[in-house]
Structures are given as structure tokens and as C-alpha cells.
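Right, one structure below, let's go through it.
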Amino acid sequence: MIKNTKKNSHRLTRGAGVLLPISALPSNYGIGTFGRESFEFVDFLERIGCRYWQVLPIGPTSYGDSPYQSFSAFAGNPYFIDLDILIEEGLLKQQEIDAYDWLKSEDQIDYGLIYNSRMKVLQLACSRSQHKDKKEYMDFCKKNMYWLDDYSLYMAVKTHFDSHEWLLWDDDIKNRELEAIKKYKNLLKDEIELWNFVQFKFYEQWNSLKAHANSKGISIIGDIPLYVAMDSADVWAHHKLFELDERKNPINVAGVPPDIFSKDGQRWGNPLYLWDVMEQDGYKWWRERMKTSGELYDVIRIDHFIGVVNYYSIPSENKTAANGSWKKGPGMKLTDVIKDAIGSAKIIAEDLGVLTPKVIELIEKTGFPGMKVLEFGLDGPIDNPYLLHNYRDANIVAYTGTHDNETLVGYLGKKKRKDLKFLLKYFNTKAVKNLPDSIIRALYASIADVVIIQMQDLLKLDNYARMNYPSTIGNNWTWRLLRSQYKLIDEKSLYELAYLYGRIIIEKQENEQVIPS
């Protein structure tokens, strides 16, 4: 029997889900949005018996288009605002949108096309909007003033300086001198209003989509990186909270050390937090960040959670991660703040990487579910902790693979014959072509409370559809789902799997187990 303790209150309801970023949804405008197709995806999840939809970070992206390098830890991506909804509201006309090229291929995002057109269209919508007179808008600005004022000013000034990073701005505004703040707020008041409008519409449309998902019994799993981008409103507005020198350049940056996957490690380049300084004001920035995340999502996956316990510090002048050092993180001081700030939302701790005893201890104390990635176990040996029979605790979220991994078909296509022979035995199937289905079925049958399958794996796509190759720039984050691909999925079989393995609840008729027809 599970005791009703505070620790167990963070456990997730047993269920299944799909990993598909908003960007990968179909749409007519080059990238996924919060429009009709997102609602239809929710309906698809309901039909296959899913309780969870995991999305990647939904913040505004910068150079490289990575959702893990955002201009803000609070703001939303303007690309996701649905233009058809703005047409329905009378803020845009179809011919105005059609005047721009949005895509070259239905299944790939061309960020260059979107970058050159999206804000022009949103600016036109803003010029026609009467939002400033609406109570909903005024309430939104008041509620989000902690981050919104700084973000909108930051984006307006950034545009003023030809989109250069804030370290290259004039010294007065770079250093946030009071007179400079006043000067640019007056000079760029119309541009600041545009960015306020964009965030108002983003949150308005997102909240509508989330409400639809929740009405279907589906929880949204959000995803937040532990660190923030150097070129962000957060570091510019709160520079005293980060390891920066007198010129505001980073002293040390984040990453992970060399391992079997990367001989040089990964140098992410994010500035590191001054945890002792953050502690002095009760981790206010983190508290505000997690409060906002708890309102955006039902469940929050914290990427690189191990950095809360111990983090890797790389001198900023180093070009690789080879010569960094481990430092002590805030540990439970921060997780207590997180628990207090997120309201009814729950946490997933991305605990992949170097699992020290202290990391394991913190996860145990918090009760946060950790993660298992099945692809990590398919290379063996037989006692590999990522193999299904080695799962010891149901309080985990298990994946076929994440956005950083190969698709199942891509992964299996590279396996040697002897490795495939083992997998055929392990997953009790005779044909390699049946392995993806057998792997998904085994994952559903596992003790893991939650299983998440990449949409690409449900579709049995190869690495053409891979979302990201870590430590590379270019050709990442571009794959998109085609409307026609839904019909490739056996919805009835997936629903049956969810039923058979207790990932949905159906009322029994006359005390009999009935597989839904």
C-alpha cells in the first residue's frame, strides 16, 4: 500500500502519452500553432487512450532555433500564435497572410522564412487590435509584470540594435542605467506595446488549448531547461544573479563533461547561476519562474535536473567542455521553493547523466519521478538499468527515446545482426519489422507509471524525422507531422494497449474485464 505522504503527492497517474512539440504540428504557415490542428491532436490523443501530451519548451527561440536557448524563461514563442484565429477576430485578412511564403516543404520548418514574415504579420494585427482597452489585457499585464515589462523592453531594444545580443548594445542600456531605461521606453513605446500584445495573444491561445486538453482528461507536460540563454531578457534584467564579470561577460558556462557519446563533452554556453546570491532573496527569480510554469503546464519536466545537486562549470574561454569542474548546487533549498511555487502542477526530474548518490538522495526525498530512456538499455548488458526488467520503482517516466535520441526505426536500422537477435528474443517477436510495435507494447506493460512515445516512433519514421542532434547547429528542430500521417496509426490497437495495461480506466460492466471494441 502506498502511504499518503507529501513525497508521494508528486507521483503521476499511471498512463501513456505522446511527445510532440508544438512546432511539429501541421499548419498552413510553416510551423505548428495553437490553432485547429493542435485541438485535433488532443482529440487524437483521446482516441488512443493517452493521458499526457509532452511538448518541448515553448519560449521564443534565438539563433540555432533550439527551444532550449530562449530569449526568455517566461515568454511564449510568437511563431505559435495561430494566424487563422487572428483572422476570425478581424485582426488579419487572408490575403495579407498569403502575401508571404511560409514553407518550402510540408514536413520541414524553414525558420528563415518564418523569421522574415511572422512579426510583420503580428505587427499588422496589433495595429488593428483594441486590446489596450480590454480588462483581460490589463489584468494580463498586471499579473505578469515581474517579467513582461523587462521582456518587452528587451525585445524592442534588441530589434532597435539590429537583433544583436545585448552585450553589443550601447553601454548605457546594456548596463540598464536608469536614464537609458527611461529613454528607450519612450523612444520604443510602440514596439514595446507590440511585444506586450504578442505575449497577451500567446497566453490567450495557449490557455484555450490547455483547457481543451484538460477537458479531455489529458495533462500537458511542459519542458523547461535548467539554465537560461546568455542572450535573454532574464540575464540582462537580472545580471547580478549570474556569474558575469564587470563587462557582463560570462565567467564560467554550463555543459557536461566528456563521455562515451562525446569526447569533448558538451559546452552549452549558458551562464551559471550565483546560487548564494539567489538564496539571499529566497530564490525569487526561480519562484516566479516556477509559478508561471505551474500555470502553463500540468506537469513540468526540468531538463538537466542533476545540476540542482552538482553542476559542471566550464571556464568561458574554453572552446570545449574537456577542462571543467564540478560544483555544488543548491539541492533541497531550491526544490522546496519549486514545490511551493508550482501550485497543483507536478515535476518530472530529468535525471539522465551522472547519477551520484546525492542526486539519487534528492530525488528520493522530493518524490519527483525520474526518467528512463529505453534506447539507452537496448545495447545491453543484461543488467543495464534502462532495460525494462531492471525497473525497480514505478515512480518513473519511461520513454522509447527523447528529442535528443534517434527514432526507434533509425536506431534499429544501425544495429548489427547479433544485437538484433538479442532484441528479437527480448521483445518476443520473430521479425525485425515488428520490433517497434513490440518495444512500445513492452513499455506499456512495464511498471513505469507513465510511458511517453515520440510521435515519430508511433509513425515508424527513420532518422529523417529525428528532432535534434545534440551539440550541433543546423537541421535540428525542423521535422513536422503531416495531416495525412494520422491514418498510418492503428488507433484502436493503441487504445487497447492502454486499456490492457491499466493506463486508462474504463468502468467494468457486470464486474467483467471488457476490452473496448
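The values are calculated or read from the model by the stated rules, or taken from the named source; none is laboratory data. Predicted model, so just to flag it, every value in this text is computed and none were measured. Cβ placement follows ideal geometry from the backbone for every residue including glycine, while neighbour counts extend to all protein chains displayed.
Here are the numbers for this structure:
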read-out	value
Residue check, A229 in contact (Cβ under 8 Å) with a residue 60 or more places away in the chain and within 20 Å of the chain's Cα centre (by Cα)	yes
Those residues of segment 32-50 which are of a type outside the set (A, V, I, L, M), touching a Gly at 6+ places or on another chain (Cβ under 8 Å) and surrounded by fewer than 23 Cβ atoms within 10 Å (Cβ to Cβ), in sequence order	E46
2 or more residues surrounded by fewer than 22 Cβ atoms within 10 Å (Cβ to Cβ) and not aliphatic (A, V, I, L, M): qualifying helices (runs of 4 or more DSSP H) within segment 205-313	275-280, 284-296
Whichever residue in segment 409-419 is surrounded by fewer than 14 Cβ atoms within 10 Å (Cβ to Cβ) and within 34 Å of the chain's Cα centre (by Cα) and, among such residues, is nearest to K460 (Cα to Cα)	G413
Any hit, segment 114-135, residues being assigned to a loop (DSSP other than H, G, I, E, B) and buried (at least 22 other Cβ atoms within 10 Å of the Cβ)	no
Qualifying residue in segment 336-343 (condition: over 25 Å from E243 (Cβ atoms), among the aliphatic types (A, V, I, L, M) and assigned to a helix (DSSP H, G or I))	no
Unmet requirement for A341, which otherwise passes all of (1) buried (at least 16 other Cβ atoms within 10 Å of the Cβ); (2) in contact with an Asp or Glu (Cβ under 9 Å, 6 or more places away or on another chain); (3) of a type outside the set (S, T, N, Q); (4) within 30 Å of W477 (Cα to Cα)	(4)
Long-range neighbours under 6 Å by Cβ, at least six apart or interchain, first residue closer than 18 Å to D149 by Cβ within segment 67-80, second surrounded by fewer than 23 Cβ atoms within 10 Å (Cβ to Cβ) and at pLDDT below 95	F71/S62
Unmet criterion (only one of (1) among the polar types (S, T, N, Q); (2) touching a residue at least 12 places away in the same chain (Cβ under 8 Å); (3) more than 22 Å from I221 (Cβ to Cβ)) for T13	(3)
Count of residues meeting criterion [among the small types (G, A, S) and at pLDDT below 95] in segment 28-65	2
Among (1) at pLDDT below 95; (2) part of a helix (DSSP H, G or I) - the single one L103 does not satisfy	(2)
Selection count, segment 141-173, where residues are in a helix (DSSP H, G or I), surrounded by fewer than 19 Cβ atoms within 10 Å (Cβ to Cβ), touching a residue at least 40 places away in the same chain (Cβ under 8 Å) and not hydroxyl-bearing (S, T, Y)	2
Any hit, segment 265-275, residues being out of contact with any Asp or Glu (no Cβ under 8 Å at 6 or more places or on another chain), of a type in the set (F, W, Y) and under 30 Å from N207 (Cβ atoms)	no
Hits in segment 346-362 - residues which are of a type in the set (A, V, I, L, M) and buried (at least 22 other Cβ atoms within 10 Å of the Cβ)	I347, I348, A349, V359, L362
